[in-house]
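To start, the structure under review is shown below, and the notes come after it.
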Amino acid sequence: MKKAPSYETAELREVERLIRGRRTIDQYLELPVPEELVREAIDAARWAPNHHVTEPWHFYLLGPECVGQCLDLCQDIVTAKKGPEAGAFKRESWSKKPGWLLMTCRRSPDDELLEREDYAACSAAMQNFMLYLWKAGVGTKWTTGPITRDPRLASIVGFDAEKEFVVGLTWYGYPKLTPEQKRTELGEILTQLP
């Protein structure tokens, strides 16, 4: 009879530390992240579970020209809602984000269940991307704010909004500040059924 493997391993504890330690980072050092590292993180991200191996994701690494257009769009959106000062402030704060990655998910207009499964797979892929970078000392922030729902973003980035929708825009860079965090106790979110 085969014996169950031990779960008391250093590797498993390291995975736990990685998951518990990852934080959303808002402020970054002015250091570029090597593109090869980001490509490795995307390569790892694509190994997320996905029903029927649909691989529904597409990753867009945004360069300076594209980022500039996104900053213009962000400023326009915020200015329309909160005024020119708020728009200029938002543009300035976003301009300090060193790396930009946009992830989209393939649309399945005739299969709502498949589209939901694909979105869940993309979320798992995004987590893989963020954890890989975190292990390398790079922080991230995944946003699904108004810019990700603005139809002008598709033309800036160059994707067909009829065939893809945005899962999120993720900024990445070396953390200037890593916030503390806590979670609800396990007993409050877990129900053990007979």
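Count of region 1-28 residues, restricted to those that are touching a residue at least 24 places away in the same chain (Cβ under 8 Å) and exposed (fewer than 13 other Cβ atoms within 10 Å of the Cβ), is 2. Kindly provide the set of residues from region 128-165 that are under 25 Å from GLU112 (Cα atoms), touching a helix residue (DSSP H, G or I) at 6+ places or on another chain (Cβ under 8 Å) and polar (S, T, N, Q), ordered by number. ASN128, the sole residue that qualifies.
Yes or no: LEU61 without any contact (Cβ under 8 Å) to a residue 60 or more places away in the chain, surrounded by 13 or more Cβ atoms within 10 Å (Cβ to Cβ), within 18 Å of ASP150 (Cα to Cα) and not β-branched (Val, Ile, Thr)? So LEU61 fails the test.
Within region 145-171, residues that are in contact (Cβ under 8 Å) with a residue 24 or more places away in the chain and of a type in the set (Phe, Trp, Tyr) have Cβ atoms under 8 Å from residues that are assigned to a loop (DSSP other than H, G, I, E, B) and surrounded by fewer than 19 Cβ atoms within 10 Å (Cβ to Cβ) in these pairs: PHE165/ARG107; TRP171/PRO98, counting only partners at least 6 apart in sequence or on another chain. Only one entry of LEU131, LEU101 meets the criterion of being crowded, with 20+ Cβ neighbours inside 10 Å and at pLDDT 95 or above, and that entry is LEU101. Looking only at region 15-38, residues that are of a type in the set (D, E, K, R), out of contact with any helix residue (DSSP H, G or I) (no Cβ under 9 Å at 6 or more places or on another chain) and closer than 22 Å to MET126 by Cα come to 5 in all.
Those helices (runs of 4 or more DSSP H) of region 28-137 in which at least 2 residues are touching a Phe, Trp or Tyr at 6+ places or on another chain (Cβ under 6 Å), considering only elements entirely within it, cover 35-45, 64-82, 112-135. For region 85-118, taking the residues that are touching a residue at least 60 places away in the same chain (Cβ under 8 Å) and more than 25 Å from GLN27 (Cα to Cα), the one that is nearest to the chain's Cα centre (by Cα) is identified as CYS105. Residue-level analysis places PHE165 outside the set of residues that are touching a His at 6+ places or on another chain (Cβ under 8 Å), closer than 19 Å to ILE42 by Cα and either among the aliphatic types (A, V, I, L, M) or outside any helix (DSSP H, G or I) (or both).
The values are calculated or read from the model by the stated rules, or taken from the named source; none is laboratory data. Owing to the predicted nature of the structure, the values given are computational and were not obtained by experimental measurement. Cβ coordinates were reconstructed from backbone atoms using ideal geometry, including for glycine residues, and neighbour counts include every protein chain displayed.
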